[in-house]
Amino acid sequence: MEATSTCPSYSARDYKSEVKPVWCPGCGDYSVLGSITKALAELSIPPERVALVSGIGCSSRLPAYTNVFGFHGVHGRALPIATGIKVSRPELTVIASGGDGDGFSIGGNHFMHACRRNVDMTYIVMDNEVYGMTKGQASPTTAPDWEKSKLTPQGTGINPFHPLVIALAAGANFIARGFSGDQNGTAKLITEAIRHPGFSFVQLLSPCVTFRPEQRDWKDMVHPAAVDPTDDPARAARRLMSDDGFNVGVLFRGSRKPFQPGQPASVDSVADLEKEFVL
Amino acid sequence: MNTTTLDTAPTTEKRPAPQLMLCEGNEAAALGVALARPDMVAVYPITPQTSLVEKLAKLIADGRMDADIVDAEGEHSVLSVLQGGALAGARTYTATCGPGLAFMFEPYFRTSGMRLPLVMTIVTRDGITPQSVWGGHQDAMTVREAGWIQMYCETVQEVLDTTVMAFRLAEHHDVMLPVNVCLDGNYLSYGTSRIEMPDQAEVDDFMGHKDVNWHVALDPLRPMAVDPLTGGSGGNGPETFVRYRRGQCAGMKNALHVITEMHEDWARRFGEAHRFAPLVEEYRLDDAEYAIMTLGSMTGAAKDAVDEARAAGEKVGLIKIKTFSPFPVEALQHALRGVRALGVVDRSVNFRWNCGPMFQETLGVLYRLGRQVPAQSFIGGLAGADLTVTTFHRVIDETRALLERAPSDEPVWLNAKD
C-alpha cells in the first residue's frame, strides 16, 4: 500500500465528508478522526479503496464523517462486518473503529476471535473508559472504584479488561497504544498499523470530557514506550502486564500469516466498477 | 398466586391519602419494580430505557430496594443472567428496547418455553435499519410470536401499576409466563406526569406469598436438569415438544382472565385512579357507528380527537388495546359489536400483509364477528413522529368515509411526505 508514482496524492481533507460531527466540544474523537484521515493521506489510498466499519456509540459515528466507504453497523459487531468485507474484497483497506463499550463489552467475544483469525485489517478503539452515548456508565476498562456512574453508584467492583494483553493472548499481529491529543503521533501509529499485515489493534486513549473530565489530565500522563517494539509474544506479554496504561507507541509486531480464504476479487478499479453500473 | 382476592371488601373508606408524585414513565416503571420486591435485576443501558435501570440502581444503592443487581456486558447476557436467577428461585426483572431486544432474542424465546416468570419492560423503540433511537412499536411487535405476555400502557400511572401487576401475573400458577410491560419510548419514558404511589404494605398483600419457580423442584435430594435436549422423531422428543407448546398456549389463554381479575383487585385496593381496562378499553363506544383503534400513549391524543368529533355530532368511539398478547379476541369482539367501520392505527409495520400488526390481528376478530366491517390500516408515529389530535381527526375522517366506500388495500401512511 505504499504510495507510488501512479497514485494521485491525497490530503487529509480528501477523506473527510461534509457531515459535521456531533461529538461534544473537546472530545478526543475529533483528533482521532484527523489522525485517521492523515494516515490515509500518508498512505495515498484512494478513498474508494477504503472501508471503515463501526458499531454503536459516540466514536462509532466516525464513518459518517469520512467519505470512504462506511458502515454504521450493529452494536459490538464492527469486527465481523469488517471481516466479511475484507474476505470478499481483499484489495480494500479495511478499518474497524469504535469505543471501549462497543468493542470490549457487548462485542468482546468478536474482539478475541478477530485477533485469533488475523484477517488483514486495522481495529481502532477510542478508549475513554466510559459508555458515552448512553450518558456515562462504566465500561469494561473503567476502574472498579469509579463511582460517578448512575448505573454503578458504588463502583463496578470488577476487574477492568486489559485490551492489549487480551489482544496479544488472542493472537493479534500488531499492537499499539496512542493518545488522541497527539494527532500526528497517532496518525503515524495508524499508518503503521494499516501497513502491517494481519490484524492490527490500536488502542487510542481518547478523553471523554463530558463524563470523565478528569481524563483531561491524560495529556500529562502519557509517555512514549521506553523500549522498542518486540516480535516476541512472551516478552510483549511481560511488558504489557506491567505497563501503566499510558505507555504510548508500537508495543508488538508479530509475523503471523494473515487469514484470507479464496481468490482475490476480479474488480480492481473504479473504472471497472463503473462499467458494471452503466445503464 | 393461586388465590385472587375478589372477595376482599372495598377499602375506600379506610384508605390513607395517597402519596402524590411527579415522575417520568421510566421512573414510574422503576418504582413499580421496587414495589414488587424482585430479588434480582440485570441491567444494560440503551436509549430510551437507560434512566429506568439507572433509577433501579439508585433505589438499590440507597437501600430502598433489596435486590441483587448485575451490570452485564450486553442484553443477551442480561436475559441469560436472569434465567439463571429465575431457575434458582429469584423474582427477576430487566428492561430493554429496540436493538437490545433484538440481541436478546435467543434467550427471550427460551424464557417462555421454560415458563420462567420474568418481567421485562420494553421502552418501545422503532426497529433499525434505518438507525434511529426514537419511539415506535416495531421492537415489541417483532417478537410477538415468542410466547411472552405483552401489555401496552397509555399513561405514567398505568406504567407503574401494570409493572407491579405484571409480577403477580407472571408467577400465577395458571399462567407461568414471562411478561413485557410496554411503554412508549420518549413519550412515556421521558413524559412527566402526576402519579399516586400505591402503599407498599397493600402491594405486599396484593402480591401474596412469593412462589416463583414452583415448577422447578429445588429439592436437594433430587437435583434436576432443566431443558435437556429432546429427541428426534424416533423417540418421544416431538411429543414432549408439543406438550410444551400446548402448555404455553394454555398459559396464554388463562392469562386473559387472570389479567382481568388482577386489574379488578388492583383497582378495588388502590382506588379509581388505579382503574385501567385490563384487555380492551371501550371509549365512547355505546352508540358509535364507527371507531378508531389505538395502542399505547397515542391513545390520549386520539381520545381528545374523539371528544372533539363527538362535540361536532360525530358518532365515533375509540377502542384501546391494553393486552396485545394474548390477543383479547372476545373482549375485542364485544367492543366491535355495533361498529360499522373501523380505522386501526399502528406504530409499526407488518411487512407480510402491508399493514399494521394490530390491524392484521384485528382482521381475525372481524372474521369471528361474522359480518363485514370495512377496516382501514393506518401506520404512523414511526421513529418518533408525532401522532397529534390533528392526525387523529384525519383518521376519524377517513374511517367515517368507510361507511360509504370500500377501504384501501394499502395502509394510510400518516406522517409521510408524499
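At a Förster distance of 60 Å, what's the computed FRET efficiency of A:His223 paired with B:Arg337, Cβ-Cβ distance as r, to 0.05?
Working from the Cβ atoms, E equals 0.15.
If one takes the longest principal axis of the Cα atoms in chain A, at what angle in degrees, from 0 to 90 and to the nearest 10, does the Cα axis of helix A:29-43 lie?
The angle comes out at about 30 degrees.
When the accessible area of chain B is computed with all protein chains present and a 1.4 Å probe, what percentage of it is carbon and sulfur?
Looking at chain B in its full context, I get 53 percent from C and S.
Ignoring ligands and nucleic acids, what accessible area does B:Leu342 show with a 1.4 Å probe (Å², nearest 10)?
0
Give me the count of lysine pairs in chain A whose alpha carbons sit under 25 angstrom apart, restricted to pairs 8 or more positions apart or on different chains.
18
On C-alpha positions alone, give me the angle between the axis of helix B:389-400 and the longest principal axis of chain B, in degrees, nearest 10.
That helix lies at roughly 70 degrees to the long axis.
Given the options B:Val345, B:Val316, B:Val159, state which has the largest fluctuation in a GNM of chain B using a 10 Å cut-off (strictly under) for Cα springs.
Comparing B:Val345, B:Val316, B:Val159 in the GNM, the peak value goes to B:Val316.
Any chance you could check region B:68-82 for residues losing 20 Å² or more of accessible area when the partner protein chains are in, compared with the chain on its own (1.4 Å probe)?
B:Asp71, B:Glu73
Could you tell me the accessible area of B:Val389 in Å² (1.4 Å probe, neighbours in place), rounded to the nearest ten?
My reading of the accessible area for B:Val389 is about 40 Å².
How much accessible area per residue does region B:6-274 have, counting only protein heavy atoms and a probe of 1.4 Å, in square angstrom?
With all protein chains present, region B:6-274 gives 40 Å² per residue.
Please work out the C-alpha center-to-center distance from region B:216-239 to region A:86-117 and express it in whole Å.
Rounded to whole Å, the Cα centres lie 39 Å apart.
Cross-link partners among lysines for B:Lys315, C-alpha distance below 17 Å, same-chain residues fewer than 8 apart left out?
B:Lys303
Helix B:75-87: angle to the longest alpha-carbon principal axis of chain B, degrees 0 to 90, nearest 10?
Here the helix axis deviates by roughly 60 degrees.
Can you bin region B:199-331 into rounded, prolate or oblate? Criterion: square roots of the alpha carbon gyration tensor eigenvalues sorted a ≥ b ≥ c, rounded for a/c under 1.5, prolate for a/b above b/c, oblate for the rest.
Oblate, since a/c reaches 1.5 and b/c is not below a/b.
As a check on your grasp of the helix formula, calculate [θ] at 222 nm for the protein assembly as shown: sum -39500 (n - 2.57) over DSSP H runs of n ≥ 4, divide by the residue count, round to the nearest 500.
Per the formula, -10500 deg cm²/dmol.
Per residue of region A:167-177, what does 6.51 cos²θ - 1.76 cosθ + 1.60 with θ = phi - 60° give for ³J(HN,Hα)? Whole Hz please, x for Gly and Pro, Karplus curve as stated.
Computed from phi, the couplings for region A:167-177 are 4, 5, 5, 7, x, 4, 9, 8, 9, 9, 10 Hz.
Would you calculate the separation in nanometres between label points at A:Glu48 and A:Glu147, each defined as 7 Å from the Cα along the Cα-to-beta-carbon direction?
Reported label-point gap for A:Glu48 and A:Glu147 is 5.8 nm.
Multiply the residue gap between B:Asp386 and B:Leu22 by 0.36 nm, knock off their C-alpha separation, and tell me the result in nm, one decimal place.
Contour length minus Cα-Cα distance gives 128.7 nm.
At a Förster radius of 41 Å, what calculated FRET efficiency corresponds to the Cβ-Cβ distance of B:Ala416 and A:Ser11, to the nearest 0.05?
Taking R0 as 41 Å, the efficiency between B:Ala416 and A:Ser11 is 0.45.
Could you pull the accessible area for A:Asp244 with a 1.4 Å probe, rounded to 10 Å²?
Counting only protein heavy atoms, A:Asp244 exposes about 90 Å² to solvent.
A:Val22 versus B:Glu264, label points 7 Å from Cα toward the beta carbon: distance in nm?
4.9
Per residue, how many Å² of accessible area does region B:280-413 show with a 1.4 Å probe?
41
Estimate the FRET efficiency between B:His215 and B:Asp68 by the formula 1/(1 + (r/R0)^6), using the beta-carbon distance for r and 35 Å for R0, to the nearest 0.05.
The calculated FRET efficiency here is 0.95.
Rounded, prolate or oblate: pick one for the protein assembly as shown, where a ≥ b ≥ c are the square roots of the eigenvalues of its C-alpha gyration tensor, a/c under 1.5 means rounded, and failing that, prolate if a/b is larger than b/c, else oblate.
prolate
Probe radius 1.4 Å, ligands and nucleic acids left out: which of B:Lys303, B:Lys210 has the largest accessible area, and how do the rest follow?
Sorted by accessible area, descending: B:Lys210, B:Lys303.
Just to check I understand the Karplus step: with θ = phi - 60° and J = 6.51 cos²θ - 1.76 cosθ + 1.60, what whole-Hz values come out for region B:252-259, glycine and proline as x?
Residue by residue, region B:252-259 yields 4, 5, 4, 4, 4, 7, 5, 4 Hz.
Show me you know the interface measure: the accessible area buried between B and A, both chains summed, probe 1.4 Å, in Å² to the nearest 100.
In total, chains B and A hide about 1300 Å² from solvent.
Can you give me the accessible area per residue for region A:12-277, using a 1.4 Å probe, in Å²?
About 43 Å² of surface per residue is accessible.
The values are calculated or read from the model by the stated rules, or taken from the named source; none is laboratory data. Since we're looking at a predicted model, the values are computed, not measured. Don't worry about glycine lacking a Cβ; one is built from the backbone with ideal geometry, like all the others, and counts go over all protein chains shown. The protein model used for the area step is the full one, side chains on, heavy atoms only, and it has no ligands, DNA or RNA in it. Shrake-Rupley method; radii C 1.70, N 1.55, O 1.52, S 1.80 Å.
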